[in-house]
1. May I ask you to list the residues in region 180-198 that are of a type outside the set (Asp, Glu) and surrounded by 13 or more Cβ atoms within 10 Å (Cβ to Cβ)?
2. Within the group ALA88, ALA128, which residue is open to solvent by less than 20 Å² (accessible area, probe 1.4 Å), out of contact with any helix residue (DSSP H, G or I) (no Cβ under 9 Å at 6 or more places or on another chain) and either of a type in the set (D, E, K, R) or in contact (Cβ under 8 Å) with a residue 60 or more places away in the chain (or both)?
3. Restricting region 149-158 to residues that are part of a helix (DSSP H, G or I) and open to solvent by less than 50 Å² (accessible area, probe 1.4 Å), which is nearest to ILE182 (Cα to Cα)?
4. Which condition number in (1) within 19 Å of the chain's Cα centre (by Cα); (2) part of a loop (DSSP other than H, G, I, E, B); (3) surrounded by fewer than 15 Cβ atoms within 10 Å (Cβ to Cβ) is the one that VAL139 fails?
5. Which residue is farthest from THR205 (Cα to Cα), if the candidates are limited to region 159-177 and must be open to solvent by 20 Å² or more (accessible area, probe 1.4 Å) and of a type in the set (Gly, Ala, Ser)?
6. Within region 101-120, is there a residue that is among the aliphatic types (A, V, I, L, M), in contact (Cβ under 8 Å) with a residue 24 or more places away in the chain and assigned to a loop (DSSP other than H, G, I, E, B)?
Amino acid sequence: PLRPDAIEALRRWAGRGGRYMKWLPNAMGISPDDPRLDAFYDVMVELDVVLISHTGEEQAVEADADQERGNPLRLRRPLDRGVKVIAAHCASLGTSEDLDDPAKPQADNFDLLVRLFETPKYDGRLFADISAMTQFNRVGRPLATILDREDLHPRLVNGSDYPLPAINALVSTRELVRQGFITDVEREQLNEIYAFDPLLFDFVTKRTLRSPGSSRSLPAEVFMRRPGL
């Protein structure tokens, strides 16, 4: 967004039907709260282009020096400019500085995202996708929380994070059973689907999940087109 022709390119691709822009701030060196991006954000609002921004720690590509750029709280700037934002992966990995605390302690990225969700003025503007949340390194409290928190369900959209679901080393149905998200029988069935089509497996797994604490699941609406997006 800081390249000299960024706004020109944004208008060009929006004119050709582009509706979504995907960023990996940690890997691309983008700080979503950079005030130099305000003009770019204003054009995104004008053109109704939705920002899909990686949130939380990035492990798929090199990003060690810039992990803090994935801090969900940095999305306040585009949100405050009126941009619709989808926080990828529900910020379900890693920690960042709590920018609201003068001491700036480390806090779970997921908890920082939930704080944004609980900010009334971001209703209708802030969403999150559930891509990658069933990968073995992410299964845990964030996944259980989004299953339990029915108030968050209208803010969630499905995503696959393909091709990562097709990388067998990242998928562990055994871990989903161990933590109580699926049963042994469901694991056998899901493994059979995985051998046929990993992308279908990702979808069916998320439709099968049940919260270990409440048996709640994600509603069908999460897997359908969201009005306004």
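The values are calculated or read from the model by the stated rules, or taken from the named source; none is laboratory data. Note that the coordinates shown come from a computational prediction; the quantities given were computed from them, not determined experimentally. Note that each Cβ is placed from the backbone with ideal geometry, even for glycine, and that neighbours are counted across all protein chains shown. Heads up: the accessible areas ignore ligands, DNA and RNA and are worked out on the full protein's heavy atoms, side chains in. Shrake-Rupley method; radii C 1.70, N 1.55, O 1.52, S 1.80 Å.
1. GLY180, PHE181, ILE182, THR183, ARG187, GLN189, LEU190, ASN191, ILE193, TYR194, PRO198 - these are the residues of region 180-198 that are of a type outside the set (Asp, Glu) and surrounded by 13 or more Cβ atoms within 10 Å (Cβ to Cβ).
2. ALA88
3. HIS153
4. That leaves (3) as the condition not met.
5. Once the filter is applied, the top-ranked residue is ALA169.
6. no
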